[in-house]
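The values are calculated or read from the model by the stated rules, or taken from the named source; none is laboratory data. All of these numbers come straight from a predicted model, not from anything done at the bench. We place every Cβ from the backbone using ideal geometry, glycine too, and count neighbours over all the protein chains shown. Areas reflect the complete protein model, heavy atoms only, side chains present, ligands, DNA and RNA absent. Shrake-Rupley method; radii C 1.70, N 1.55, O 1.52, S 1.80 Å.
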Amino acid sequence: MLFKFYMTDESKTLPNGVNVYRIVAARSFGHIKKCDFGGWLQYAENLSQLGTSWVADDAIICGESIVSEDALVKDSAVVDGHCRVSGNAVICDQAMLRGRVYVFDHAIIGSETSLADQCSVHDKATVFCTPRWTNSQSNIGTNISGRATVRGNATICGKVSIRDNALVEDNATVSESGRVYENGRVSGNAVIRGQSSVCDHAWIMGETILCDRAKVAGTVRLGGKVIVSGRTFITGWGMQSGKTEYRDKVISGDGTLIYDRFLKKEEEANVS
């Protein structure tokens, strides 16, 4: 086999003490020309000698991670741990992958996105997130972690948190500070934004929109053109579909109104 790159003597030490080495193309392939300098590897095995996969610019692949097939890691991105990046996937900007993350097909991970644990992003999903602080404000939390999956043509952006066994698929969008966790599922053309969240075994689908501080939990299914806003909390069980709007309400899964926050606000305003 004719190697496509080799490691140079140019090295640098990462903050964790790991040494990585600059690579250079040994032959022309894809868009890479012979003698083009690439990014940094800890081991030659971090980048496959087959296909057109490449690490460019100041990007780093280290640990036991492997980038293969036609995947590209560029800019200042870091792939660490036991990650696998393959297909035509692109990891760019300042994205960070660590743990056993899987990114493949035509997925794109960029901006300052942080992926960890055993999550996966594939198909044509795009993830462009920014740092998210944990509740203690002491650490930057990951954007996608646990065994969460993002696939299809899903779009993920902002300071989102998708974790545990959550699933975001199809043409769904999770943005701003939206959260999907536990076994929450978002599909279809659904949009999760603001500080809204989907958890437990709730499934948001169709053209449903969750915004503000809305929360859907339990085994609730929302489809159609449902809009959930304000501080609405929907839990329990049941399916709601069609064209419906909930704002500042507490509702059981079968659609029963338990409490209307909006009316409460009106009463308080009238008293004052």
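The relative contact order of the chain, computed from alpha carbon pairs under 8 Å that lie at least 6 residues apart in sequence, is 7 percent.
With the Cα gyration tensor of the range 1-71 giving a ≥ b ≥ c as the square roots of its eigenvalues, does the rule (a/c under 1.5 for rounded; else a/b larger than b/c for prolate; else oblate) give rounded, prolate or oblate? In terms of gyration-tensor shape, prolate. Of the listed residues Thr219, Thr126, Thr208, the order by accessible area with a 1.4 Å probe, largest first, is Thr219, Thr126, Thr208.
The number of Lys pairs in the chain with C-alpha atoms less than 13 Å apart, excluding pairs fewer than 8 positions apart on the same chain, is 6. Taking the chain as a Gaussian network, Cα atoms linked when under 10 Å apart, which of Lys159, Lys74, Lys33 shows the biggest mean-square fluctuation? Top of the fluctuation ranking is Lys33.
Residue ranking by accessible heavy-atom surface, 1.4 Å probe, largest first, among Asp260, Asp117 comes out as Asp117, Asp260. Structural descriptor for the range 92-234: relative contact order 13 percent, calculated from alpha carbon pairs under 8 angstrom and at least 6 residues apart.
Report, to one decimal in Å, the Kirkwood hydrodynamic radius for the range 37-180 based on all distinct Cα pairs. Hydrodynamic radius (Kirkwood, Cα pairs) of the range 37-180 is 14.6 Å. Per-residue surface analysis assigns Met239 an accessible area of about 100 Å², computed on protein heavy atoms at 1.4 Å probe radius. Of the labelled figures (1) 6, 23, 24, 21, 17, 8, 2; (2) 8, 28, 26, 18, 11, 6, 2, 0, 0; (3) 7, 30, 36, 21, 5, 0, only one reflects P(r) over Cα pairs in 10 Å bins from 0, in percent as derived from the coordinates, namely (2). Between Asp170 and Arg231, the modelled label-to-label distance comes to 3.1 nm, taking each label 7 Å out from Cα in the direction of the beta carbon.
Contact order, relative form, for the range 34-168: 14 percent (alpha carbon pairs under 8 Å, 6 or more residues apart, mean separation divided by residue count).
For the range 154-258, the list of chymotrypsin sites (Phe, Trp or Tyr not before Pro) that fall in a loop by DSSP and count at most 13 other C-beta atoms within 10 angstrom reads Trp237.
Solvent-accessible surface (1.4 Å probe) assigned to His106 amounts to roughly 100 Å². Largest mean-square fluctuation among Ala26, Ala148, Ala190, in a Gaussian network model of the chain whose springs join Cα atoms under 10 Å apart, belongs to Ala26.
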